[in-house]
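Rule-based calculations on the coordinates, nothing more; no lab input. Please read these numbers as outputs of a predicted model, since none were measured by experiment. Ideal geometry is used to build each Cβ from the backbone, glycine not excepted, and the neighbour counts take in all protein chains shown.
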Amino acid sequence: MLAPDRTFARRDTALFILCLVLSVGALFAPESWQYAIASSARSTALAPLIALQRRAEASRTSLARFELLVAQRDSAAAAAQSLPVLLDENSQLRALLGLRRRLTTRVVPAEVLHQSIPTDGRTLLLGSGRRDGVEPFQAVVAPEGLLGMILSTGPATSIVLTWAHPDFRASAVTLDGSVTGIVGVTPDATAREPMLELRGVPYRDSVAVGTPVITSGLGGVYPRGLPIGTVVGVARESEGWERVYLVRPLAAPARVSHVLVIPATTEWPSPAPPEPQP
Amino acid sequence: MSAAQNRRIRFSLVMLLLVGLQFYVRPRLGYPRVAPDFLMLGLMIFAIRSRPGAAALAGFIIGFASDALTPARFGAAMLANTLVGYTAAWGRAVFFADNLLVNAGFIALGVWLRDLLVLVASGTGGSELLVQLGVWSPVLALTTALAGVLVLAVFRDWLDIRLEE
């Protein structure tokens with residue numbers, strides 16, 4: 001018969017190996033399984049904890065949000081003074097041009113529930129899900145600009161794939177519309193902070209430092225006009241073929257606390273292009 | 001109720017308190033990258049007074065919760081927390097002293113090691129890895145260790161951890 005200590009040691013080793021095997025299995029499981037397991041856990045065992053965190057986030061930001069809302073309401077009230085005249089003018093012009101009514105789309109506001117592991121920022125947990133109208137592949141914007149897209153949804157939560165994730169891609173265009181390309185996170189990680197790259201720019205086109213980059217609307221996920229970032233320089237170039245530009249993103253996934261989820265059909269009001277210099 | 005049952009209940013209450021702190025208090029503590037990680041603190045305290053197998057299982061469960069909430073690389077936190085829990089329970093048996101500062105250092109090391117394993121398993125490399133491990137992880141480890149000192153000092157009798165006076 002084995003001594004109790006030895007039996008315990010064997011049991012410890014067996015338990016450790018089992019946990020290790022399950023962890024490695026989870027690491028290499030198909031993505032669809034991973035998201036299904038994570039979503040099930042969030043909507044069952046972890047649901048009370050997420051509700052607790054959502055409440056904490058709401059109460060932490062409630063005073064600041066109240067002050068912001070009051071300021072926004074005042075601005076909106078001032079702007080609304082001229083609204084009836086503008087609406088009337090707009091409907092007359094649309095009738096003259098034979099245009100249909102402007103599409104109205106629903107935007108879902110959501111709170112970001114940050115977690116403590118270091119990969120928080122590549123994906124983010126939102127406190128809104130299918131019940132609130134959030135669907136996969138909808139664009140997510142922070143107040144500063146594009147943050148990412150909805151990766152998976154549960155009944156009351158959803159996961160955002162942010163621009164800092166290696167799988168992120170978005171069709172982009174410079175603000176004046178002259179240069180198009182694809183943005184994705186820098187793969188070489190030489191920068192101290194995660195940066196974006198504007199790839200696929202023809203060699204003959206050059207983009208000045210400081211040029212704003214926005215979404216082009218191609219691809220059906222991100223509506224046109226979402227601010228992405230500003231060009232800070234050339235990352236690398238293939239002689240005679242293409243240039244890759246380094247873009248500093250506007251939104252910071254690690255710091256953002258509130259976001260808007262918007263469907264791809266939305267026409268986002270893009271910022272006015274810079275005035276041409278004399 | 002026996003003394004052992006009493007101890008178990010008190011220990012479970014402290015663990016529940018840490019879970020509550022993680023989800024209700026941590027979001028109010030400012031920048032999320034540096035606010036103390038109470039789940040990790042719970043794992044380290046559990047590992048200090050448990051057998052390696054149980055600590056590995058606790059690490060696996062906490063890792064599963066972390067991966068479900070941040071599935072940037074599903075399975076990375078499970079793997080990291082399992083390894084940290086098991087190693088911490090063994091480490092305590094080999095060189096652990098009953099001193100508050102050593103406990104704090106042990107907790108900080110556990111947090112930093114967890115971050116290292118999660119980042120490596122997630123395929124993070126280059127400068128981003130260095131910045132994370134050289135700047136953010138040490139600060140997170142420090143704040144978690146400070147929270148650990150407080151919890152250990154307040155609940156030392158409930159946790160059954162012998163500390164030098």
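Please list, by residue number, everything in region A:212-246 whose backbone N is under 14 Å from a paramagnetic label point 7 Å out along Cα→Cβ of B:S127.
A:232-236, A:246
From Cα pairs below 8 angstrom and at least 6 apart in sequence, can you work out the relative contact order of region A:116-229, rounded to a whole percent?
Working: 232 pairs, mean separation 24.8, N = 114.
Relative contact order, region A:116-229: 22 percent.
Roughly how crowded by other chains is peptide A:164-176, in terms of the mean Cβ count from those chains within 10 Å of each of its Cβ atoms?
On the way: counts 2, 2, 5, 1, 0, 0, 0, 0, 0, 0, 0, 0, 0.
The shielding value for this peptide is 1.
Which length gain, in nm to one decimal place, applies between A:R55 and A:N90 when the Cα-Cα distance is subtracted from 0.36 nm times their residue separation?
Values: separation 35, 0.36 × 35 = 12.60 nm, distance 4.20 nm.
Net length gain for the segment: 8.4 nm.
Specify the inter-centroid distance of region A:189-252 and region A:88-153, based on alpha-carbon positions, in whole Å.
22
Take peptide A:251-260, look around each residue's Cβ out to 10 angstrom, count Cβ atoms belonging to other protein chains, and average those counts. Before the final figure, lay out each step's value.
Working: counts 0, 0, 0, 4, 3, 0, 2, 0, 0, 0.
Averaged over the peptide's residues, the number is 1.
Show me, for region A:249-257, the HN-Hα J-couplings you get by feeding each phi into the Karplus relation (A = 6.51, B = -1.76, C = 1.60, θ = phi - 60°), rounded to Hz, glycine and proline as x.
Residue by residue, region A:249-257 yields x, 7, 8, 10, x, 6, 10, 5, 10 Hz.
Mean separation of Cα pairs under 8 Å and 6+ residues apart, divided by the residue count of region B:1-152: what relative contact order is that in percent?
On the way: 180 pairs, mean separation 37.9, N = 152.
It rounds to 25 percent for region B:1-152.
Which value in Å is the Kirkwood Rh of the protein assembly as shown over different Cα pairs? Walk me through the numbers on the way to the answer.
Values: mean 1/r = 0.0413 Å⁻¹.
That comes to 24.2 Å for the protein assembly as shown.
From the phi of every residue in region A:144-158, what ³J(HN,Hα) in whole Hz does the Karplus formula 6.51 cos²θ - 1.76 cosθ + 1.60 yield, where θ is phi - 60° and glycine or proline is x?
These are the phi-based 3J(HN,Hα) values: 7, x, 5, 10, x, 9, 6, 8, 8, 10, x, x, 10, 9, 8 Hz.
In square nanometres and to one decimal, what's the mean projected area of the convex hull around the Cα atoms of region A:68-132? Mind showing how you got there, number by number?
Details: hull surface 31.9 nm².
Dividing the Cα hull surface by four gives the mean projection, 8.0 nm².
For chain A, what does the relative contact order come out to in percent, with C-alpha contacts under 8 Å and a separation of six or more?
That works out to 16 percent.
How many partner chain Cβ atoms sit within 10 Å of a residue's Cβ in peptide B:55-63, on average, as a whole number? Intermediate values should be presented prior to the final figure.
Numbers: counts 4, 9, 5, 1, 3, 8, 2, 0, 5.
Mean shielding by partner chains, rounded to a whole number: 4.
Which whole-Hz ³J(HN,Hα) couplings does region B:116-123 yield from phi under the Karplus relation 6.51 cos²θ - 1.76 cosθ + 1.60, θ = phi - 60°, glycine and proline marked x?
4, 5, 5, 5, 5, 5, 8, x
Calculate the dipole size of region A:70-138 relative to its Cα centre from +1 charges on Lys and Arg beta carbons and -1 charges on Asp and Glu beta carbons; express the result in debye to the nearest 20.
Numbers: 9 positive and 7 negative charges, 65 e Å.
About 320 debye.
Select from B:G59, B:G30, B:G91 the residue whose mean-square fluctuation is largest in a Gaussian network model of chain B (Cα-Cα springs shorter than 10 Å).
Evaluated over chain B, the most mobile residue of the options is B:G30.
Go ahead and set up a Gaussian network model of chain B, Cα springs under 10 Å, then flag whichever of B:L41, B:L29, B:L101 fluctuates most.
With Cα springs under 10 Å in chain B, the top fluctuation among B:L41, B:L29, B:L101 is at B:L29.
Which one of B:T87, B:G53, B:T143 has its Cα pushed farthest toward the positive end of the charge dipole of chain B, where Lys and Arg give +1 and Asp and Glu give -1 at the Cβ?
So the residue furthest toward the plus end is B:G53.
Working only with C-alpha atoms, what are the Rg and Dmax values of chain B, expressed in angstrom?
15.4, 56
Excluding A:A58 itself, calculate the net charge of residues whose Cβ lies under 12 Å from the Cβ of A:A58, where each Lys or Arg counts +1 and each Asp or Glu counts -1. Please list the in-between numbers first.
Working: positive: A:R54, A:R55, A:R60, A:R65, B:R28; negative: A:E57, A:E111.
Result for the neighbourhood of A:A58: +3.
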